[in-house]
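Working notes, structure below.
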Amino acid sequence: MSLTSHRAPRTVESLRIRHGTRFRWLVMLTAMIGTMASIMSSTIVNVAVPDLSHYFTLDQAQAQWVSASFMIAMTLSMLLTPWLLARFGLYATYAGAIVLLMAGGITGGLAGTFWLVLAMRVVEGLAAGVLQPIPSIVILRAFEPHEQGRALGIFGFGVVLAPALGPTIGGFLVEHYGWRSIFFVVVPFCVAALVLARRYMPIQSQAPDRRALDWKGLVLVTIGIVCLLNGLAEVQGASRTSGTVLLAVAVVAVALFIYTQLRNPAPLMQMKLYKSRQFAMGALVSLIYGAGLFGSTYLLPVYMQMALPYGAGRAGLTLLPAGLVLAMVIPLGGKLADKYPAHILITGGLGVLAGSLALMATVGPATPYLLLVLWVVLGRVGIGFIFSALSLATMRGMEPDLIAQASSTANFVRQLGGAIGVSTTGILLEWRLATHPGGMAEHAVAFDETFLVLAGVCAAAMIAAWRMRTPAVAATKT
């Protein structure tokens, strides 16, 4: 293909003519590669938390910010995706986020201070948040309703390979090359994503939306989330008064955010989405599920290195079978989501995940290695049945002009739950470790109690999931 053809306008119509029916799969593959890079940057660092803690002399409360700062930035920037898409188009938004992600990875790997590491984690999180809603938008617009579950399943298969391989690759890199090496892992993915985007991502063919960004809403939601997470940390520590003040500020900021969104003609978050019971219940499930899922993802590798006699490499290797099983189960879950009521798949998956976390509380140094792997695998089986069903049940039936808003809001709520989950898991773990000081056996008790709390969180999400039954069943009959 000549350089001239590359410079020709790439509209959706011209790309469909050029690539035929393959186009929808090619653009999904392009979105999937970028999402894999962003998810890998999110999860791979968990294996390096003990090494980072030792290198920079961090306690558990400080170390959890390596993950929590990424999650906060990712959560906030998700709300920007609809505005960026309307203003700059799909290609510019996607490519810009990929470049930002790659810059954060390279700079983070070269950082000489912990604060620069945290800053680059924020940069990576901002890029990842913009990227996260894009695949769902692409799938809902490019695929027919009867193909969407299958497409989400195939997309999920590719995406979960990143967190499946991430801890194993990360553990190997940390043991042999140190924590800096994990930041560079995203670079080849980002390069591949940019090459594919240059060929298959359409450039906006309609006039851009020139409406200004809702800066007031963005500032309010940022204040609310940051004060909430810091308040939770402070109220459990010595500064309970300041923690209470921060939590009060968070409540006020969130209330003002909702008020401004109701009055703004071009809000960051369309509050009318919540008029749909299907979306409202799906958002609630996503919030609670995100807290349990991301909290456990943070906890598992730390547990294996602090309460079990595992190094970073073995901890990563323990998580590999679970990731591979998840990659195989998600396509099956996608096919089932096209055929069966979503509330059954979501509720069942949450029950399996809760059971897995509860069983982790029975693990100790004497537990056979294969049994530990089995309990971790069991949880990933549950996640596999939730993934596609929750996405479809939350967003199916949305008006075309609300798809971008619905996708970004659903992802925002899930990631908000994840940010709260990572933060509170770190806080809860620090509290329980202080209650059970001593050696590895005492640490194990603290981890057991934390696992049981996360199991309870996932079990609570089952109640909201079951309440999706009427609209979910109706959706499957259309």
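Per-structure values
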item	result
Filter pass, Leu402 being surrounded by fewer than 23 Cβ atoms within 10 Å (Cβ to Cβ), hydrophobic (A, V, I, L, M, F, W, C) and within 24 Å of Gly334 (Cα to Cα)	yes
Single residue of Leu268, Leu299, Leu293 found to be buried (at least 23 other Cβ atoms within 10 Å of the Cβ), within 24 Å of the chain's Cα centre (by Cα), not basic (Lys, Arg) and not in a helix (DSSP H, G or I)	Leu268
Qualifying residue in region 265-282 (condition: at pLDDT below 85, in contact with a helix residue (DSSP H, G or I) (Cβ under 7 Å, 6 or more places away or on another chain) and within 30 Å of Arg211 (Cβ to Cβ))	yes
Qualifying helices (runs of 4 or more DSSP H) (wholly inside region 81-194; at least 3 residues being polar (S, T, N, Q) and in contact (Cβ under 8 Å) with a residue 60 or more places away in the chain)	none
Among the candidates Val245, Val221, residue that is surrounded by fewer than 20 Cβ atoms within 10 Å (Cβ to Cβ) and assigned to a helix (DSSP H, G or I)	Val245
Checking Ala63 against (1) small (Gly, Ala, Ser); (2) more than 30 Å from Arg150 (Cα to Cα); (3) without any contact (Cβ under 8 Å) to a residue 12 or more places away in the chain, the condition it does not meet	(3)
Filter pass, Arg121 being among the basic types (Lys, Arg) and surrounded by fewer than 24 Cβ atoms within 10 Å (Cβ to Cβ)	no
Filter result for the condition that a residue is under 27 Å from Pro400 (Cα atoms) and under 21 Å from the mean Cα position of the chain (by Cα), over Gly108, Gly96	Gly96
Evaluation of Thr362 against (1) β-branched (Val, Ile, Thr); (2) outside any helix (DSSP H, G or I); (3) buried (at least 18 other Cβ atoms within 10 Å of the Cβ) (one fails), failing number	(3)
Scope region 380-429; condition among the charged types (D, E, K, R) and modelled with pLDDT under 80; matching residues	Arg396, Glu399, Asp401
Test: residue in region 368-384 that is in the same structural domain as His443 (by TED's automatic domain parsing) and under 30 Å from Thr222 (Cβ atoms)	yes
Matching residues, region 10-37, being of a type in the set (D, E, K, R) and surrounded by fewer than 15 Cβ atoms within 10 Å (Cβ to Cβ)	Glu13, Arg22
Candidates Tyr303, Tyr310, Tyr274 - the one that is touching a residue at least 40 places away in the same chain (Cβ under 8 Å) and of a type in the set (Ser, Thr, Tyr)	Tyr303
Conditions (1) free of Cβ contacts under 8 Å to residues at least 60 places away in the same chain; (2) closer than 26 Å to Gln148 by Cα; number of the one not met by Ile346	(1)
Hits in region 135-147 - residues which are at pLDDT 75 or above and either on the phi > 0 side of the Ramachandran plot or touching a Ser or Thr at 6+ places or on another chain (Cβ under 9 Å) (or both)	Pro135, Ser136, Ile137, Val138, Ile139, Leu140
Check on Leu247, out of contact with any helix residue (DSSP H, G or I) (no Cβ under 6 Å at 6 or more places or on another chain) and not polar (S, T, N, Q)	no
All positions within region 417-436 that are out of contact with any Asp or Glu (no Cβ under 6 Å at 6 or more places or on another chain) and surrounded by fewer than 24 Cβ atoms within 10 Å (Cβ to Cβ)	Thr424, Ile427, Leu428, Glu430, Trp431, Leu433, Ala434, Thr435
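For every residue, the table says whether it meets (1) in contact with a Phe, Trp or Tyr (Cβ under 7 Å, 6 or more places away or on another chain); (2) closer than 30 Å to Ile427 by Cβ.
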| residue | (1), (2) |
| --- | --- |
| Ile225 | no, yes |
| Leu229 | no, yes |
| Val245 | no, yes |
| Val249 | no, yes |
| Asn264 | no, no |
| Pro267 | no, no |
| Lys272 | no, no |
| Ala280 | yes, yes |
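The values are calculated or read from the model by the stated rules, or taken from the named source; none is laboratory data. None of the values given here were measured: they were computed from a predicted structure. No Cβ is skipped: glycine too gets one built from the backbone with ideal geometry, and neighbour counts run over all protein chains shown.
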